[in-house]
Amino acid sequence: MTVDKIEKSDAEWKKLLTKKQYEISTRKGTEAPGSCPFTEVHEPGMFRCVRCGNGLFRSSAKFESGTGWPSYYEPISPLNIIEQADNSLGMVRTEVLCARCNSHLGHVFDDGPLPTGKRYCMNGFALKFVPEDQL
Ligand SMILES: [Zn+2]
């Protein structure tokens, strides 16, 4: 399985996205906790990249972390995301990006639940939910 790359300039993304989606996905912003547009979504389905539609997380891997950000214990496939060191803001964190379009999604931490122990702490505005029957 390969993931085809999508490359667009900042200006192109700006035209295609809402202000909030652009700030988070392209400028590596962070949404305010609790502002995620799909906090109440628990039905079966898939969370896709808001920029390119790449499948990122299943709702079965979503859990309530209490942080105010949508959290998952594993991605659909490690091939669909990129994890890279992020030493900004004086912290050592691991940034998570979309493998297809390089969109900033959020960060991953090692304090998640079993079976992986990972907590993918995402920005809801970087994702879009697609219910199972529309996949
Ligand atoms: Zn993407």
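The values are calculated or read from the model by the stated rules, or taken from the named source; none is laboratory data. It should be emphasised that the depicted structure is a prediction, and the values quoted were computed from it without experimental measurement. In this analysis, Cβ positions are derived from the backbone assuming ideal geometry, glycine residues included, and neighbour counts consider all displayed protein chains. Just the protein is used for accessible areas: all its heavy atoms, side chains included, with ligands, DNA and RNA removed. Shrake-Rupley method; radii C 1.70, N 1.55, O 1.52, S 1.80 Å.
Points worth noting:
- Qualifying residue in the stretch 105-120 (condition: of a type outside the set (A, V, I, L, M) and open to solvent by less than 10 Å² (accessible area, probe 1.4 Å)): yes
- Residue within the stretch 88-102 that is in contact with a helix residue (DSSP H, G or I) (Cβ under 6 Å, 6 or more places away or on another chain), modelled with pLDDT of 95 or more and within 11 Å of the ligand (Cβ to nearest atom) present: yes
- Within this structure, Ser71 passes the test of being under 11 Å from the mean Cα position of the chain (by Cα) and either in contact (Cβ under 8 Å) with a residue 60 or more places away in the chain or closer than 29 Å to Asp133 by Cβ (or both).
- Any hit, the stretch 7-21, residues being free of Cβ contacts under 8 Å to residues at least 40 places away in the same chain, touching a Gly at 6+ places or on another chain (Cβ under 9 Å) and among the basic types (Lys, Arg): no
- Being over 21 Å from Thr26 (Cα atoms) and at pLDDT 95 or above is a description that applies to Ser77.
- Across the stretch 67-93, the number of residues qualifying as more than 17 Å from Arg48 (Cα to Cα) and open to solvent by less than 70 Å² (accessible area, probe 1.4 Å) comes to 5.
- The stretch 10-39, subset under 24 Å from Ser77 (Cα atoms) and open to solvent by 70 Å² or more (accessible area, probe 1.4 Å), residue nearest to the ligand (Cβ to nearest atom): Lys28
- Yes/no for Arg58 being crowded, with 20+ Cβ neighbours inside 10 Å, more than 15 Å from His107 (Cα to Cα) and charged (D, E, K, R): no
- The listed residue being of a type in the set (D, E, K, R) and within 16 Å of the ligand (Cβ to nearest atom), out of Glu64, Glu83: Glu83
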